[in-house]
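Undergrad: Once you've had a glance at the structure underneath, I'll fire off some questions.
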């Protein structure tokens, strides 16, 4: 294994979905360097369709309050439809991840109030001081979304290399109209997700578990 691959592997294995952050803000030059690094990912015809609305300070707080209110009232209007359902091994992996989180934060099976409280933390960005709302042009359809997915991955890994913790959040896209209104995002762009980021609170119980990954044999079909 090459040294470059070893370093890349360390970044991948070190990255996780952080759900507890310190109040410390990330300097703007660090954020810019993360974005500049992530810009190097490939995209369809080099279209680079992603746009970021990066929130800090009062904007983060204002958005969190508005999203929390909308989610509590049941608003669920994503620009891009969420999956109809998870089946088979995908359902199993999703369930395992969910129970790992609940075990870490002390939510017992059947505790609907506890699970609701934990779910609602999504809309407060798990206390992160920053969030980046990722959008793509509607006209690019699935290919624009795929390209943005590559960018999200690169952003989280670049952040990891600089000691900045992240979590990609599809839940934020479920309240797209509120996000669009507050951040003045154009109607011709689809809101895909948020990347909330900051410095990890290493003592937070939600940060004490790690998800597992499938083996290559589980995902490869040799042809």
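Every number in this text was worked out from the coordinates using simple rules, so none of it is lab data. Keep in mind the model is a prediction, meaning the values are calculated, not measured. Here Cβ is always computed from backbone atoms with ideal geometry, including for glycine, and neighbour counts include all displayed protein chains.
Undergrad: Between residue 46 and residue 85, what length in nm is gained on full extension when 0.36 nm per residue of separation is reduced by their alpha carbon distance?
TA: Net length gain for the segment: 10.8 nm.
Undergrad: Based only on Cα atoms, what Rg/Rh ratio does the range 156-214 have, Rh being taken as Kirkwood's radius?
TA: When Rh is taken as the Kirkwood radius, the ratio is 1.07.
Undergrad: Answer rounded, prolate or oblate for the range 1-61, using the Cα gyration tensor with square roots of eigenvalues a ≥ b ≥ c: rounded when a/c is under 1.5, else prolate when a/b is larger than b/c, else oblate.
TA: Oblate, since a/c reaches 1.5 and b/c is not below a/b.
Undergrad: How far apart, in nm, are the 7 Å Cα→Cβ label points at residue 23 and residue 223?
TA: 5.5 nm
Undergrad: Moving on to the next point. Could you give the distance between the Cα centres of the range 1-48 and the range 111-163, to the whole Å?
TA: Centre-to-centre distance over Cα atoms comes out at 13 Å.
Undergrad: Okay, next question. Rounded if a/c is under 1.5, else prolate if a/b beats b/c, else oblate: with a ≥ b ≥ c from the C-alpha gyration tensor eigenvalues square-rooted, which is the range 116-170?
TA: The shape class here is oblate.
Undergrad: Which ordering of 185, 34 is given by a fewest-first count of other beta-carbon atoms within 10 Å?
TA: By the 10 Å Cβ count, ascending: 185, 34.
Undergrad: Here's something else I'd like to know. Calculate for the chain the 222 nm mean residue ellipticity that helices alone would give, adding -39,500 (n - 2.57) per DSSP H run of length 4 or more and normalising by residue count, nearest 500 deg cm²/dmol.
TA: -14000 deg cm²/dmol
Undergrad: Okay, moving on. Going by a ≥ b ≥ c, the root eigenvalues of the Cα gyration tensor, does the range 1-144 fall in the rounded group (a/c under 1.5), the prolate group (a/b larger than b/c) or the oblate group?
TA: Judged from the Cα gyration tensor, the range 1-144 comes out rounded (a/c under 1.5).
Undergrad: Here's a follow-up. Evaluate the relative contact order of the range 133-223 (contact order divided by residue number), counting alpha-carbon pairs under 8 angstrom at least 6 apart; express in whole percent.
TA: Reported relative contact order: 35 percent.
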